[in-house]
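Chemist: Please read through the structure below; I'll follow up with questions.
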Amino acid sequence: MEKKRQTAIKQLKALDKLAPKDMRLAAEWNQDWQVLISTIMSAQTRDETTIAISNILYKKYPTLKSLSNTPIKTIEKIIRPVNYYKTKSKHIKKTSKIILKQGVPNTLDELLKLPGVGRKVGNVYLAEFHKANAIGVDTHCSRVSQKLGWSKNKHPHKIEKDLEQLFPKRYWCSINYIIVRFGRSHTHKQEDEIFKRIKKLK
């Protein structure tokens, strides 16, 4: 297991070198509620779209209170380019009202109680805003983990647990960050060629 762990760490570092450092991700915002709301919107949606729509949303509603008071139909009109915008609009409305009163939770168990927050959203939020030991498993993370043999599972929660066993905790919060930047900057064909080289690392 130790040999496999050291190989995986080398592979992750190799991916990091190939990932552009100046690429902005959907979860990168200054305020905790913005990080959470944008991460909710990012599910099944390209980061470029999420960032653009988030900019419009936060420019019009710069405070959590103003967002929480916004009618769902108005939110729908703004975030329409985001996939599943109707469902996400309801989640944004409900979640913004809850965290306005209670604050944004800082544990996964409490985050999972919020509308629109699953394990991926919760873990990405914790890793991004709190630099917590959390691994957000999205489509990029799932694909790379299977291609490099880090996990044989397809279910995100099982992949998350496999990665937790494989990588030391100090790497957890950077795994999604590295893989998403790598995935967004390479085609699948380019990735496959890179994976062939990376698999040779020992």
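Each value in this text was obtained by applying a stated rule to the coordinates, not by laboratory testing. Just so it is clear, the structure is predicted and the values come from calculations on it, not from any experiment. Reconstructed Cβ throughout: ideal geometry from the backbone, glycine too, with neighbour counts over all protein chains shown.
Chemist: Take the conditions buried (at least 17 other Cβ atoms within 10 Å of the Cβ) and assigned to a helix (DSSP H, G or I) and apply them to His157. Does it pass?
Modeler: In short, no.
Chemist: Give Leu111, Leu148 a once-over and let me know the one that is touching a Pro at 6+ places or on another chain (Cβ under 8 Å) and of a type in the set (A, V, I, L, M, F, W, C).
Modeler: When all the criteria are applied, what remains is Leu111.
Chemist: Can you work out which of the residues in segment 73-103 that are more than 19 Å from the chain's Cα centre (by Cα) and β-branched (Val, Ile, Thr) is nearest to Asp32 (Cα to Cα)?
Modeler: Ile99
Chemist: Another one. In segment 1-18, how many residues are outside any helix (DSSP H, G or I) and touching a His at 6+ places or on another chain (Cβ under 8 Å)?
Modeler: 0
Chemist: Over 17 Å from Val144 (Cβ atoms), in contact (Cβ under 8 Å) with a residue 12 or more places away in the chain and among the aliphatic types (A, V, I, L, M): does that describe Leu36?
Modeler: Considered against the rule, which asks whether it is over 17 Å from Val144 (Cβ atoms), in contact (Cβ under 8 Å) with a residue 12 or more places away in the chain and among the aliphatic types (A, V, I, L, M), Leu36 comes out as yes.
Chemist: Given the structure, is Asn133 surrounded by 14 or more Cβ atoms within 10 Å (Cβ to Cβ), of a type in the set (S, T, N, Q) and either over 22 Å from Leu25 (Cβ atoms) or in contact with a Phe, Trp or Tyr (Cβ under 8 Å, 6 or more places away or on another chain) (or both)?
Modeler: yes
Chemist: Looking at segment 183-202, which of its residues are in a loop (DSSP other than H, G, I, E, B) and surrounded by fewer than 16 Cβ atoms within 10 Å (Cβ to Cβ)?
Modeler: Matches in segment 183-202: Ser185, Thr187, Lys199, Lys200, Leu201, Lys202.
Chemist: Please indicate, with yes or no, whether at least one residue in segment 143-152 is touching a residue at least 12 places away in the same chain (Cβ under 8 Å), surrounded by fewer than 22 Cβ atoms within 10 Å (Cβ to Cβ) and under 30 Å from Gln31 (Cβ atoms).
Modeler: No, every residue in segment 143-152 fails to be touching a residue at least 12 places away in the same chain (Cβ under 8 Å), surrounded by fewer than 22 Cβ atoms within 10 Å (Cβ to Cβ) and under 30 Å from Gln31 (Cβ atoms).
Chemist: What number of residues within segment 164-182 satisfy the criterion of being surrounded by 13 or more Cβ atoms within 10 Å (Cβ to Cβ) and either more than 19 Å from Lys152 (Cα to Cα) or polar (S, T, N, Q) (or both)?
Modeler: 9
Chemist: Another one. For the condition more than 16 Å from Leu15 (Cα to Cα) and not polar (S, T, N, Q), what is the one hit in Ile179, Ile175, Ile198, Ile98?
Modeler: The unique qualifying residue is Ile98.
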